[in-house]
Amino acid sequence: MRRRRLIGCAAGAAAWLAGCGQAPAPVAVARWPALPVRDLAGASLTLASTGARARLINVWALWCPPCRQELPSLARLASALAPRGVEVCAVALAQDFFPVREYLAQNAAGLPGVVLSPGVPAAKPLGLDVLPQTFLVASDATVLARWTGAREWDLPAAREQIHRLLAAA
């Protein structure tokens with residue numbers, strides 16, 4: 001019994017680590033939609049479809065362990081990409097902004113975040129049937145890439161992949 005658990009844990013860890021270097025999944029949506037969200041103070045706003053900068057948008061949830069595990073590396077990536085003009089945003093699927101705000105403050109300080117209600121029709125085209133999902137979005141709202149599953153976002157290979165995708169756009 002114990003051996004099976006160890007093998008299961010090792011297989012899970014190997015699968016998770018294997019995802020770190022994978023190419024992005026096929027893009028489910030060609031353009032990023034404008035999403036009605038709330039900021040971490042509870043104010044309503046729209047996560048615009050276009051902007052002045054390219055964006056890496058990570059969709060996650062508090063109930064998702066892989067989502068929570070990757071947030072600190074995403075916060076470090078946000079710091080590294082900011083000088084290069086790439087914005088990183090964590091979009092939490094949740095009804096209440098308060099636990100999201102507290103979790104990010106304790107575990108991914110400095111990572112910009114917003115809250116998206118899970119039932120918002122505008123999010124349906126994103127195909128959020130699996131979490132976490134991360135989208136690389138050009139300033140004109142073109143979705144350049146989509147990654148499904150947790151990653152170590154601050155590894156050099158992840159940064160290089162993001163830069164290559166942006167340069168090719």
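Among the chymotrypsin sites (Phe, Trp or Tyr not before Pro) within the stretch 113-169, not one is in coil by DSSP while having at most 15 neighbouring Cβ atoms inside 10 Å. A simple packing score, the average count of other Cβ atoms within 10 Å per residue, orders the peptides 44-51, 108-115 as 108-115, 44-51, with the highest score first. A Förster radius of 22 Å combined with the Cβ-Cβ distance from A169 to A48 puts the calculated FRET efficiency at roughly 0.75.
Put simply, the amide H of L144, placed in the peptide plane, has neighbours under 5 Å in L136, V137, A138, leaving out anything fewer than 5 places away on its chain. Each residue of the stretch 119-133 was assigned a 3J(HN,Hα) from its phi angle through the Karplus expression (A = 6.51, B = -1.76, C = 1.60, θ = phi - 60°), giving x, 5, x, 5, 7, 4, x, 6, x, 7, 7, 10, 10, x, 10 Hz with x at Gly and Pro.
Taking a ≥ b ≥ c as the square roots of the eigenvalues of the Cα gyration tensor, the stretch 54-169 is oblate, since a/c reaches 1.5 or more and a/b is not larger than b/c. Peptides 138-145, 124-131 ranked from most to least packed by the mean count of surrounding Cβ atoms within 10 Å: 138-145, 124-131.
Output the antiparallel fraction of DSSP beta bridges having both residues in the stretch 25-168, as a percent to the nearest 5.
Values: 18 of 29 bridges.
Once the DSSP bridges in the stretch 25-168 are tallied, antiparallel ones form about 60 percent.
Simple rule: put +1 on each Lys or Arg Cβ and -1 on each Asp or Glu Cβ in the stretch 25-168, find the dipole, and look at L165, F98, G110; the Cα lying farthest toward the positive end is L165. Segment A82..K124, full-extension length gain: 12.2 nm, with 0.36 nm per residue of separation and the alpha-carbon distance subtracted.
Peptides 157-163, 71-77 ordered by packing proxy, namely the average of other Cβ atoms within 10 Å per residue, highest first: 71-77, 157-163.
All of the numbers you see were taken from the coordinates with simple rules; none came from a lab. Every value quoted in this text rests on a predicted model; they were computed, and no experiment measured them. Positions of Cβ are generated from backbone atoms using ideal geometry, with glycine treated the same way; all protein chains shown enter the neighbour counts.
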